[in-house]
Amino acid sequence: MTRVWRRSTLLLTCAAAITGLGAAHAYVIRQGPDYTGLPLTLDHLFDLAATIGLVAICTALGRFTLNRVRIDFGALDNLLFGTAIGAGLLSTVLLALGLAGGCNPWIIGVVILAVAALSWRKLSGVPALVSEALRSMKPRGDERG
């Protein structure tokens, strides 16, 4: 399999999973607060996927900002500081939107998508950064106690 084929297959699989989880989320919202069963589990998976996606967007925005000011750390520090800076920037933008009276879910979604588009190149590198940061945390042979 070529690399392009694998990447497009992964993107289509992720899109299908997000669509299915979104449909389960919409279904559970319509059913009310006392709903139980498999769709409720899928709704929780939707919440988890949305949280992971938002953290990835914050990380990408923070790394984009750190690169713009020409600051570079190791993998773990890039991940941690990038996430913190990105979350701070995104929350500041959302706070300004709320204070200006634009706290509509559609507008917030557009802002988050615009931030994701702004930092797209960094967003595609977040999984590699996470695995590199996890590898850097493993103790080496001479560091075990």
Q: Please report, ordered by residue number, the helices (runs of 4 or more DSSP H) entirely within the range 53-145 with at least 2 residues that are among the polar types (S, T, N, Q).
A: 75-99, 126-137
Q. Is there a residue in the range 40-50 that is of a type in the set (D, E, K, R) and part of a loop (DSSP other than H, G, I, E, B)?
A. no
Q.
Looking at the range 26-50, I want the residues that are farther than 15 Å from residue 14 by Cα and have a partner that is of a type in the set (S, T, N, Q) and in a helix (DSSP H, G or I) with Cβ atoms under 8 Å, at least 6 apart or on another chain. Which pairs are those?
A. 39/31
Q.
Looking at the range 1-17 only, could you name the residues that are surrounded by 10 or more Cβ atoms within 10 Å (Cβ to Cβ), modelled with pLDDT under 85 and either over 22 Å from residue 53 (Cβ atoms) or of a type outside the set (Lys, Arg) (or both)?
A. 8, 9, 10, 11, 12, 14, 15
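Residues are listed down the side, and each one gets a yes or a no for (1) surrounded by 18 or more Cβ atoms within 10 Å (Cβ to Cβ); (2) modelled with pLDDT of 90 or more; (3) of a type in the set (Asp, Glu); (4) over 16 Å from the mean Cα position of the chain (by Cα):
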position	(1), (2), (3), (4)
57	yes, yes, no, no
71	no, no, no, yes
81	no, yes, no, no
88	no, yes, no, no
Q) So is residue 22 of a type in the set (Gly, Ala, Ser) and out of contact with any Phe, Trp or Tyr (no Cβ under 9 Å at 6 or more places or on another chain) or not? A) no
(Q) Could you list, ordered by first residue, the pairs with Cβ atoms under 8 Å in which the first is in the range 92-103 and over 16 Å from residue 58 (Cβ atoms) and the second is hydroxyl-bearing (Ser, Thr, Tyr), at least 6 apart or interchain? (A) none
Q: Enumerate the pairs (first residue in the range 114-142 and loosely packed, with under 14 Cβ neighbours inside 10 Å; second residue anywhere and modelled with pLDDT under 90) with beta-carbon separation below 6 Å, excluding pairs fewer than 6 apart on the same chain, so at least 6 apart or on different chains.
A: 136/75; 136/76
Q | Positions within the range 69-87 being aliphatic (A, V, I, L, M) and either under 14 Å from residue 126 (Cβ atoms) or in contact with a Cys (Cβ under 9 Å, 6 or more places away or on another chain) (or both), in sequence order | A | 75, 76, 79, 80, 84, 85, 87
Q. Within the range 99-121, is there a residue that is within 28 Å of residue 11 (Cα to Cα) and touching an Asp or Glu at 6+ places or on another chain (Cβ under 8 Å)?
A. no
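The values are calculated or read from the model by the stated rules, or taken from the named source; none is laboratory data. Keep in mind that this is a model prediction, so the values were computed, not measured. All Cβ positions, even for glycine, are placed from backbone atoms using ideal geometry, and neighbour counts span all protein chains on display.
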